[in-house]
Amino acid sequence: MSLPVIPAPTTTTTSDDTCTLSGDSAVVVQSPELAGPAALFVREVRLDSGLTLHPPVIRDRTVDGTVPPDETRAAAVTVLISADGLDGVPSAAGVRADGDAVDERYGLEVTSDGVRVWGPTPEAVHRGLTSLRQLISAHLQDGTAVLPAARIVDGPRFAWRGLSLDVVRTFHPPAEVKRVIDMLALYKLNVLHLHLTDDQGWRVEVPSRPALTQVGAAGAIGDRPGGYYSQEELADLVAYAADRYVTVVPEIDMPGHTSAVFAAYPELAPAELRTIDLGNGNSIPLNALEPGRPETWAFVEDVLDAVVPQFPQSAYVHIGGDEAWGMADEDHAAFVDQAAALVRARGKRVVGWQEIARATLGPDDVAQYWISIDVDAADAGNGPKPPEDLLPILVEHLRKAEGDAPKALAAGARLIASPTTWLYFDRPHGDASADPAQEEARKRLGLEFYGPATLRDGLAWDPVEDTPGVTSTDQLAGVEAAIWCETITGPDDLELMLLPRLPGAAEKAWSQQTATDWPEYAARLAEQSPAWRNRTWTWLQSVEVSWR
Ligand code: ACM
């Protein structure tokens, strides 16, 4: 029997017994460093399901000093530091965004006497408690959770498991970003990559360059409101994420996608600004920061000096590097080399979109593979056509892109798998919704150019098999979904495109299973809806899933 846990655990065995958790149940903490994860677990279970467990007890004391519950009164959840029985679970491949080597493998045992969750590190125990959260949500009825007896031993396939969130095309306020962090945490995703800068806006404070936020943050796409995260707001977001074992990685997209920079500091722009008219009121800029000008590098240094300290948990800075339309190849490579050197000089490692492979990468660098679009189909004009002027530029870009992943691997760099085909969540939903209002939204949401994708499509691939040049897990840093917000106007749209896709991305990033059987997965997915409802998260109510 498979348990309603996403991502699927490495090994699960079940038996006929049950364990009942109720409001009388407590969490018993066997090592003081687990007090934090235990307290978080109690809070999250309440939000997921309404079940209020007793505050955690450190052996015989409650964490907050209140009177301990009678431990014999009800089954308890016991958490402890131990590596017992975890040897058979493979270690995670790849690298973590925090640069640490944290063992996330855990064990979870449900017997008629109670629940035990263990692992060699507090983070491992947190991952195990996250599986328990899902079991409780799926089995809660009338205030008690009757859990099936089971033993899980589990660990992640990949160390880097993330979501890239575009906060430029639509500015997502901090409260919404926290909801997204909550979604990541529930599916054991551990990276939030914030795409903080693009043509339509600049969303992070650089005190030495005040116009970036005073001018560059004023708008978004169309007439949507602008905004940026103050240093205080970012510190709060980064800490909120860290409390949930999520690392926030900043992206400063350069040398292209810099129209907001040029609006703020016109002296950094090329002498002649060029654009392609898309004929629908929008245009694509062909302008980039120029590597041959000293003022470019004074700017980049100011930005890195301000941004790097705002993301203390991240060992990486994402330098973008994508779609530098209109830029000569040698200029692009020279720019990436210099920007990468400035990141390394600040003690951070380099990650960028796959186009950075055209510069000089090394083993500590990470290139994010995204272009899985079929170039011949695009060239032949199959599917929705891009504007005529753009097509040759796009086709040239796609052809060059075919060499990126193999080149990065040959340099010893790792890849993050973010293929457009399976992990771009701005593809229109291919599944119909049972809700007529969502059907209306579905017509509006996602870039038509990509074509629709179903939830089932999202499961039908493998990060190793489907990334060019990759033959072993360790060539990947990990797996990251991406959501771009051109068509997304606010929180409801955002959540409708993230859910239910996000758990599918997590399944690919964490689960050791290389194939996923859709009916089996859909049954596990259906059990997620009670927690989503309790959390007031919006999700596409796909008619392909028998939601609870
Ligand atoms: C990208 O989608 N431009 C990375």
Heavy-atom accessible area with a 1.4 angstrom probe orders R358, R535, R127, most exposed first, as R358, R535, R127
Helix 294-307 sits off the longest principal axis of the Cα atoms of the chain, rounded to the nearest 10 on a 0 to 90 degree scale, by 10
Mean projected area (nm²) from the convex hull of Cα positions in region 404-515 is 7.4
The correct pair for region 494-540, radius of gyration to one decimal and Dmax as a whole number, both in Å and from Cα atoms, is 11.3, 32
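Which FRET efficiency, nearest 0.05, do S472 and V395 yield, Cβ-Cβ r, R0 41 Å? Intermediate results must be reported in sequence, preceding the final value.
Details: r = 32 Å, r/R0 = 0.77.
Approximately 0.85, to the nearest 0.05.
Over region 197-301, what portion of Cα pair distances is larger than 17 Å, expressed as a whole percent?
Every Cα pair in region 197-301 considered, those over 17 Å come to 58 percent.
Which order do R209, R524 take when ranked by solvent-accessible area (1.4 Å probe, heavy atoms of all protein chains), largest first?
Numbers: R209 35, R524 5 Å².
My answer, sorted largest first, is R209, R524.
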Taking a crude spin-label model, label points 7 Å out from Cα along the C-beta direction, the D376 to A432 distance in nm is 3.4
Label model pair A298, S230: point-to-point distance (7 angstrom along the Cα→beta-carbon line) in nm is 2.9
Residue span D223 to V146: 0.36 nm per residue of separation minus Cα-Cα distance leaves a gain in nm of 22.7 nm
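Provide the gained length on full extension for the span A460 to L278, in nm with one decimal, where the gain is 0.36 nm per separating residue minus the Cα-Cα distance. Let's see the in-between values first.
On the way: separation 182, 0.36 × 182 = 65.52 nm, distance 3.35 nm.
Full-extension gain reported as 62.2 nm.
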Residue span T514 to T52: 0.36 nm per residue of separation minus Cα-Cα distance leaves a gain in nm of 162.6 nm
Using a 1.4 Å probe on heavy atoms of the protein chains only, the accessible area for T421 in Å², nearest 10, reads 50
With all protein chains in place and a 1.4 Å probe, Y228 shows an accessible area in Å² (nearest 10) of 90
Mean accessible area per residue over region 292-432 (1.4 angstrom probe, all protein chains present, square angstrom) is 37
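Based on alpha-carbon positions alone, could you give the equivalent ellipsoid semi-axes of the chain from the gyration tensor, as √(5λ), descending, whole Å? Write out the running numbers ahead of the final one.
Numbers: eigenvalues 339, 122, 97 Å².
Those come to 41, 25, 22 Å.
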Here the percent of antiparallel bridges among DSSP beta bridges lying wholly in region 34-187, to the nearest 5, is 65
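If you restrict to DSSP beta bridges whose two residues both lie in region 154-244, what percentage is antiparallel, to the nearest 5?
Working: 3 of 9 bridges.
Restricted to region 154-244, the bridges split so that about 35 percent are antiparallel.
The values are calculated or read from the model by the stated rules, or taken from the named source; none is laboratory data. In this text the structure is predicted, and so the values were computed from the model without any measurement. Methodologically, a virtual Cβ is constructed for each residue, glycine included, from the backbone with ideal geometry; neighbour enumeration extends over all protein chains shown. Please note that ligands, DNA and RNA were not included when accessible areas were found on the heavy atoms of the full protein model with its side chains. Shrake-Rupley method; radii C 1.70, N 1.55, O 1.52, S 1.80 Å.
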